[in-house]
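J.: One structure, as structure tokens, below. Some questions next.
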Amino acid sequence: MSDKPKSRAFEPEAPLSRQFATIAIGLAGGLLFLAIGVPAGAMSGAMAACALVGTFAPAWVVPMNSFLRNLAMLASGVSIGATVTAETFRNIAAYPFSVSGMIVCVFVMTFVSVMGSLKVSRWDRPTAVLAAIPGAMGFVLAAAMTTGANAPRVVTVQMMRVFFLVCLVPLILAETGAQVISPAARESDPLWIFAIETAVGCG
């Protein structure tokens with residue numbers, strides 16, 4: 001019985017001290033960008049700081065172990081899922097053609113990206129598919145570890161997409177003065193609701 005395919009890129013886990021150093025670098029970058037008022041500063045600052053330090057001192061920016069990755073994905077999932085309300089579904093029902101068009105565009109874009117990677121770049125199918133999937137970077141990186149995909153290629157494409165959306169789009173909107181409708185403010189859920197959401201997420 002053969003072993004499951006493994007990614008061709010992920011190295012053995014780094015010491016915890018360097019993993020926590022990576023987290024500290026991201027935290028410092030996020031706080032700095034928040035302090036100077038950069039749009040989406042917490043995420044874009046963390047990305048920029050880790051990218052900068054990783055370029056010049058790669059020993060201090062390392063991949064997280066599976067527990068920390070899962071913890072981060074759990075927190076992200078709870079945070080995103082908690083924003084969905086009945087109003088969200090009412091808005092979807094109010095704009096069926098726009099939502100349907102967006103879904104079609106996502107499928108077409110993904111298909112074209114996969115075919116381009118297969119036919120033009122000559123990538124293998126797992127790498128092409130994982131690199132083309134939009135908006136699911138945590139899942140994609142986890143899948144890359146077990147499908148035999150070329151992780152550096154997948155990470156490069158996914159990180160360029162995230163970098164553009166997180167770092168460049170907010171800056172472009174801020175500099176051009178484009179108006180973006182902000183969601184209505186809502187009260188934070190009580191801690192017991194957060195505990196239930198986290199328990200369900202762990203399940």
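The values are calculated or read from the model by the stated rules, or taken from the named source; none is laboratory data. None of these values were measured; they are calculated from a predicted model. We place every Cβ from the backbone using ideal geometry, glycine too, and count neighbours over all the protein chains shown. Accessible surface is based on the protein model in full, side chains and every heavy atom, while ligands, DNA and RNA are left aside. Shrake-Rupley method; radii C 1.70, N 1.55, O 1.52, S 1.80 Å.
J.: On the given criteria, is residue 40 at positive phi and open to solvent by less than 90 Å² (accessible area, probe 1.4 Å)?
T.: In short, yes.
J.: Going by the structure shown, is residue 198 of a type in the set (Ser, Thr, Tyr), loosely packed, with under 15 Cβ neighbours inside 10 Å, modelled with pLDDT under 85 and part of a helix (DSSP H, G or I)?
T.: On the way: of a type in the set (Ser, Thr, Tyr): yes; loosely packed, with under 15 Cβ neighbours inside 10 Å: yes; modelled with pLDDT under 85: yes; part of a helix (DSSP H, G or I): yes.
For residue 198, the condition - of a type in the set (Ser, Thr, Tyr), loosely packed, with under 15 Cβ neighbours inside 10 Å, modelled with pLDDT under 85 and part of a helix (DSSP H, G or I) - is met.
J.: Would you point out which residue out of 93, 49, 72 is hydrophobic (A, V, I, L, M, F, W, C), assigned to a helix (DSSP H, G or I) and modelled with pLDDT of 85 or more? Explain how you work it out, then say what you get.
T.: Working: 93 fails: modelled with pLDDT of 85 or more; 72 fails: modelled with pLDDT of 85 or more.
Result: 49 is the single residue among 93, 49, 72 that is hydrophobic (A, V, I, L, M, F, W, C), assigned to a helix (DSSP H, G or I) and modelled with pLDDT of 85 or more.
J.: Condition first: over 16 Å from residue 117 (Cα atoms) and not small (Gly, Ala, Ser). Now tell me which residues in the range 141-159 satisfy that.
T.: Passing the criteria: 141, 145, 146, 147, 159.
J.: Another one. Which of the residues that make up the range 123-164 are of a type in the set (A, V, I, L, M, F, W, C), without any contact (Cβ under 8 Å) to a residue 40 or more places away in the chain and not in a helix (DSSP H, G or I)?
T.: Correct list: 123, 133, 136.
J.: What number of residues within the range 109-128 satisfy the criterion of being open to solvent by 80 Å² or more (accessible area, probe 1.4 Å), aliphatic (A, V, I, L, M) and more than 17 Å from residue 158 (Cβ to Cβ)?
T.: Matching residues across the range 109-128 total 1.
J.: Within the range 88-104, identify whether any single residue is touching a residue at least 12 places away in the same chain (Cβ under 8 Å) and surrounded by 11 or more Cβ atoms within 10 Å (Cβ to Cβ), and answer yes or no.
T.: First pass over the range 88-104, keeping only residues touching a residue at least 12 places away in the same chain (Cβ under 8 Å): none.
Scanning the range 88-104, I find no residue that is touching a residue at least 12 places away in the same chain (Cβ under 8 Å) and surrounded by 11 or more Cβ atoms within 10 Å (Cβ to Cβ), so the answer is no.
J.: Please pick out the residue among 146, 156 that is at pLDDT below 80 and open to solvent by 50 Å² or more (accessible area, probe 1.4 Å). Show your work before the answer.
T.: Numbers: 156 fails: at pLDDT below 80.
None of the other options fit; the residue is 146.
J.: I'm trying to understand the selection: among the residues of the range 43-59, which are under 22 Å from residue 170 (Cα atoms) and open to solvent by 50 Å² or more (accessible area, probe 1.4 Å)? Even if it seems obvious, please write down each step before you answer.
T.: Of the residues in the range 43-59, the ones under 22 Å from residue 170 (Cα atoms) are 43-52.
If the condition is that a residue be under 22 Å from residue 170 (Cα atoms) and open to solvent by 50 Å² or more (accessible area, probe 1.4 Å), then 43, 51, 52 are the ones that fit.
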